[in-house]
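Student: Attaching a single structure in structure tokens format; questions to follow.
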Amino acid sequence: MSDIYSRVSNYITEHKMLEEDDRILAAVSGGADSMCMLDLLIRFCAGHGHKLGVVHVDHGFRTESASEAAYVEQFCRERDIPFYLEKIIPGSIPNSEESARIRRYELISETAVKNGYTRIALAHNMQDRAETILFNMFRGTGISGMCGIRPVRDEFIRPIMCLDRREIETYLETAGIKFCTDRTNLTDEYSRNRIRHHILPEAEGINDGSIRHMNETAEDVSAVCDLISGLASDAYSDTVRSVSGEEYLIDVSRFSALHPVIRDEVIRMILHHMTPHLKDISREHISGVEDLACRNSNARFDLPYGIRAYRSYENICIRKPEERSKEEAESLPEGGIRVDLTGLKPGGEPLKIRTDASSEVIFSLTEAADSAAAAEMITDCDYAKCFDYDKINKLLDIRYRLEDDHLIIDAGGHVKKLARYMIESKIPEYMRDRIPVIADGSEVIWIAGYRDSYAYRIDDSTTRILKIQITDSNTKGENDG
């Protein structure tokens with residue numbers, strides 16, 4: 001027993017699991033692993049001055065779950081250890097192992113925060129790490145998946161991951177500590193159980209140190225991953241631009257110059273921000289995104305959780321699925337909104353057209369001879385433009401693009417199709433049908449957020465100035481002036 005305690009104590013120190021003032025919340029199910037961890041932590045905390053508490057999560061899936069909770073509570077009460085019981089309400093989550101795991105972690109974390117604990121101890125052992133490595137390999141993983149379970153991740157620590165199952169059971173037997181057995185762990189219903197019951201014993205039959213060797217290899221791979229992560233962080237800063245938390249752009253030329261391993265890690269870093277569970281991202285997904293660097297514009301690749309990656313000119317764009325409210329989805333009616341400007345008066349009330357729940361287009365008019373008013377009005381920006389009022393048809397449309405749309409691009413009256421302009425301006429394909437335009441028939445006066453038609457610009461002969469402004473619009477772009 002003293003040898004096992006020394007190994008666990010050294011393991012905690014080696015991996016810097018605890019700082020001097022840390023308070024530890026141990027997640028204890030009542031099974032062999034968690035009871036062994038709890039007893040070892042009681043001894044460790046007594047010698048190092050850490051406060052220790054215990055949380056037990058009752059899933060309510062099994063009839064014996066109440067008695068298991070009672071056993072852990074009694075064990076803690078006898079040793080004057082704070083005990084917290086959390087229950088998962090039956091029917092509140094899908095009846096699956098993964099859903100239960102996610103909710104269990106949520107409840108444990110909430111309990112820790114609520115009661116001032118800074119570290120959460122989990123009772124994974126060597127077999128658990130080996131199972132995770134094999135499971136990751138079977139479903140397809142990159143080098144990070146070969147690390148298995150890390151000894152430390154954020155506030156979570158795993159102090160007995162240096163022990164194997166036989167050592168844990170021997171420790172409990174010697175200490176006279178009882179433990180509960182979850183009968184679901186005895187079946188082959190779950191993939192992990194099949195690995196545990198069949199594959200790992202075969203591996204141990206080939207080499208009785210195979211599980212220990214897998215854990216040692218995982219430690220080596222973890223060190224390599226940490227090195228790669230540092231290099232990838234630098235590459236990420238140089239290669240990736242976040243448009244928002246919903247969209248990331250990868251510069252293809254810089255990305256292609258990276259080492260393949262660094263490229264893979266850069267993609268994982270992006271997806272880590274975008275997915276609730278990075279474990280659902282396989283080697284196939286990473287390769288699919290990476291291959292876009294060699295594809296033509298508009299090539300695309302779909303990822304889990306509705307995320308889409310596609311090639312957009314010199315970038316690879318990775319976007320979350322669009323979540324738009326009903327008001328946003330119906331921002332402009334089919335055919336657009338017809339606007340009659342004949343009632344506008346210089347210096348009078350502006351005409352305001354509501355286009356959706358949060359945006360409106362404002363039309364205002366002033367005399368060019370009123371130099372002060374004109375100077376204040378002529379402040380072009382992405383979402384405000386000024387035009388020669390007398391060059392404009394007084395019936396305009398606010399709408400999205402149509403097939404025959406075009407605009408005048410220079411003083412010579414040269415015409416460019418709107419579709420061609422959007423391609424040449426490298427406006428992403430998914431945005432092209434969502435950008436409002438102000439148009440007179442098929443002649444575009446202004447592409448909101450981008451550019452205006454040369455034909456309606458102010459010149460020395462202008463007598464009345466029309467200002468069109470879009471407020472609180474979701475459309476974004478660069479002004480061409």
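Coordinate-derived values only; no laboratory data. Predicted, not measured: the structure shown is a model, and the values here were computed from it. Here Cβ is always computed from backbone atoms with ideal geometry, including for glycine, and neighbour counts include all displayed protein chains.
Student: What length, rounded to one decimal in nm, is gained on full extension from residue 77 through to residue 113, with 0.36 nm per residue of separation minus their alpha-carbon distance?
Tutor: Contour length minus Cα-Cα distance gives 10.8 nm.
Student: Mind checking which lysines have their C-alpha under 17 Å from residue 87, skipping anything on the same chain fewer than 8 residues away?
Tutor: Here the lysines satisfying the reach criterion relative to residue 87 are 114.
Student: For the pair residue 199/residue 227, report the inter-label distance in nm, with labels modelled 7 Å from Cα in the Cβ direction.
Tutor: About 2.7 nm, to one decimal.
Student: Run the numbers on the chain and let me know its relative contact order in percent, using alpha-carbon pairs under 8 Å that are six or more apart.
Tutor: Once divided by the residue count of the chain, the mean separation gives 10 percent.
Student: With label points built 7 Å along Cα→Cβ from the Cα atoms of residue 459 and residue 217, find their separation and express it in nm.
Tutor: So the two model labels end up 7.6 nm from each other.
Student: Quick one: grab the alpha carbon gyration tensor of the chain, order the square roots of its eigenvalues as a ≥ b ≥ c, and give me rounded if a/c is under 1.5, else prolate or oblate depending on whether a/b is larger than b/c.
Tutor: Prolate is the answer for the chain, as a/c is 1.5 or above and a/b outweighs b/c.
Student: Now a separate question. Any lysines with Cα under 24 Å of the residue 417 Cα? List them, leaving off those in the same chain fewer than 8 positions away.
Tutor: Within the straight-line limit of under 24 Å, residue 417 reaches these lysines: 385, 391, 394, 426, 476.
Student: If you take the beta carbon distance between residue 416 and residue 314 as r and set R0 to 22 Å, what does 1/(1 + (r/R0)^6) give as a FRET efficiency, to the nearest 0.05?
Tutor: Efficiency for this residue pair is about 0.50.
Student: While we're here: What ranking, highest mean first, results for peptides 303-310, 99-106 when packing means the other Cβ atoms within 10 Å averaged over each residue?
Tutor: Top of the packing list down: 303-310, 99-106.
Student: Can you give me the long-range amide H partners of residue 87? Hydrogens built in the peptide plane at 1.01 Å from N, cutoff under 5 Å, separation of 5 or more residues or another chain.
Tutor: Sorted by chain and number, the residues that satisfy this are 58.
Student: Relative to the present Cα-Cα distance, how much length would full extension add between residue 294 and residue 242 at 0.36 nm per residue of separation?
Tutor: Taking residue 294 through residue 242 to full extension adds about 16.6 nm, to one decimal.
Student: Using packing as a proxy for protection, rank 198-207, 60-69, 444-453, 388-397 so that the peptide with the highest average count of other Cβ atoms within 10 Å comes first.
Tutor: Highest to lowest by the protection proxy: 444-453, 388-397, 60-69, 198-207.
Student: Could I ask something else about it? On a 0 to 90 degree scale, rounded to 10, what angle separates helix 126-139 from the longest Cα axis of the chain?
Tutor: In the chain, helix 126-139 runs at an angle near 40 degrees to the longest axis.
Student: Once the other residues with Cβ under 10 Å from the Cβ of residue 461 are scored (Lys, Arg +1; Asp, Glu -1), what is the net sum?
Tutor: Surrounding charge for residue 461 is -3.
Student: Can you give me the distance in nm between label points at residue 66 and residue 186, each placed 7 Å from the Cα along the Cα-to-Cβ direction?
Tutor: Here the answer is 2.2 nm between the modelled labels.
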